[in-house]
1. If I model a spin label at D282 and A356 as a point 7 Å from the Cα along the Cα→Cβ vector, what separation in nanometres do I get?
2. If you put +1 on each Lys and Arg Cβ and -1 on each Asp and Glu Cβ, how big is the dipole of the range 292-361 around its Cα centre, in Debye rounded to 20?
3. With a/c under 1.5 counting as rounded, go ahead and sort the range 110-257 into rounded, prolate or oblate using the C-alpha gyration tensor (a ≥ b ≥ c being the square roots of the eigenvalues; past the cut-off, prolate if a/b is larger than b/c, else oblate).
4. Between E250, E310, E301, where does the largest GNM mean-square fluctuation fall for the chain, given springs only between Cα atoms within less than 10 Å?
5. With +1 on each Lys and Arg Cβ and -1 on each Asp and Glu Cβ, and nothing else charged, work out how big the dipole of the chain is about its Cα centre, in Debye to the nearest 20.
6. 7 Å from Cα along Cα→Cβ at both A341 and D329: what's the point-to-point distance in nm?
7. Taking R0 as 22 Å, what FRET efficiency do you get between L95 and A50 from their Cβ-Cβ distance, rounded to the nearest 0.05?
8. Give a residue-ordered list of calculated ³J(HN,Hα) values for the range 298-315 (Karplus: 6.51 cos²θ - 1.76 cosθ + 1.60, θ = phi - 60°; whole Hz; x for Gly, Pro).
Amino acid sequence: MRLAKQEAARHSRPMQEAGEHTISVRFERVTPLIDSARASGVDVEKLFSALNLPVRLVENGRNEFISLADYYRLQNRLSILIGDETVHLSSRQLLPGSTDFVLAHLSDCKNLFEVMGVVAKSYNLLHGGQFNQVEKRRASVDYLIDDRDFPYAGMAAPEDIYFQCECILIFLHCLLMVISPSARDAITGLYIRRPSPGGDCGHLGYWDAPIRFGADVYTVSFDRDVALAPLRMPSADALTANAVYQMIVETVAGKHAALGMINPVATRVRDALARGVVEQPDVAAQMGLSVATLRRRLSGEGFTFRALREEVLNETARRLLSEGKSVSDVAEALGFSDARAFNRAFKDWNGVTPKAFTSQS
């Protein structure tokens, strides 16, 4: 690893603990997501309302702040609506299910070091380049990301690029925590390319470990003993992209008591449905709840599972039809028995047939 050693040493400091304050993001950093959403035909104002975010921010929030947890909630939802897990911030699209695909290949890993190796290799294949690497050192196991040749899209300002890659490091950490709770306190150091502290660095308050600025590549250092300790892998049901985003929100929120206000059950159900988990027992299992508890919590928020499923199926159907998919292909993708059944359901939801909707679009 080649570090800008003098610069890194001069700008090295531990960040505040994540629980000490609300970790916030300047709304300006959300702008690339909003631009991608609008370019894909997403009703941004409606989305903000659904996520209980102030709609006024969409037009007038440039110098305001949102919590880091809300940023990830927005990113997660947009990745589903747009059909690209990079939210069009990479010129190489990652189809929905890419993270689930990566997680599905971890079942034979014996420790976190092996997990990191599979994650690095998988994302290199998906992104089409050697951007991720894992190195075993005397006292640590390091996960490195070299984004200098990464095909970023929709971002020109260095601050936006720094922010995106720093958020990826948080995503990586939470992905590893889904696999093993021991990963939570295993970070011994962080190296980032941002030249120095200052500016929009509030999100770096997530990290408890020392941070060195001005590095050539991004590096997260894990305690070697923790990384090489035998690992008991969770069940396949627990290894999902939904679980990773839930872990991010829970970790950033700090206290589970605050989670209900930040990430309502209905939002988590919508996300699971949009990722193709459409049966109520499967959704409940992913959330670690019984079906009865899921129903009760949804009822407390004013929803039913059936209504949410219809809402998400309709949302997905409209998007796929707008992308030029045939009625029969959409019917099959959404699990309808045949095109006629889909036609009836779509007309009930929208007042027009799929064919008429496509013509209007």
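1. 3.2
2. Values: 12 positive and 9 negative charges, 45 e Å.
Result for the range 292-361 is approximately 220 debye, rounded to the nearest 20.
3. Values: a/c = 1.40, a/b = 1.29, b/c = 1.09.
Judged from the Cα gyration tensor, the range 110-257 comes out rounded (a/c under 1.5).
4. Sorting by GNM fluctuation, first place goes to E301.
5. Numbers: 41 positive and 43 negative charges, 40 e Å.
Dipole of the chain, to the nearest 20 debye: 200 debye.
6. If labels sit at A341 and D329, their model points lie 2.1 nm apart.
7. 0.45
8. For the range 298-315, the Karplus curve yields 5, 4, x, 9, x, 10, 10, 4, 4, 5, 5, 4, 5, 4, 6, 4, 5, 4 Hz.
The values are calculated or read from the model by the stated rules, or taken from the named source; none is laboratory data. Remember, it's a predicted structure, so these values are computed and weren't measured experimentally. No Cβ is skipped: glycine too gets one built from the backbone with ideal geometry, and neighbour counts run over all protein chains shown. For the accessible areas, the whole protein counts, side chains as well, though only heavy atoms, and no ligand, DNA or RNA atoms are used. Shrake-Rupley method; radii C 1.70, N 1.55, O 1.52, S 1.80 Å.
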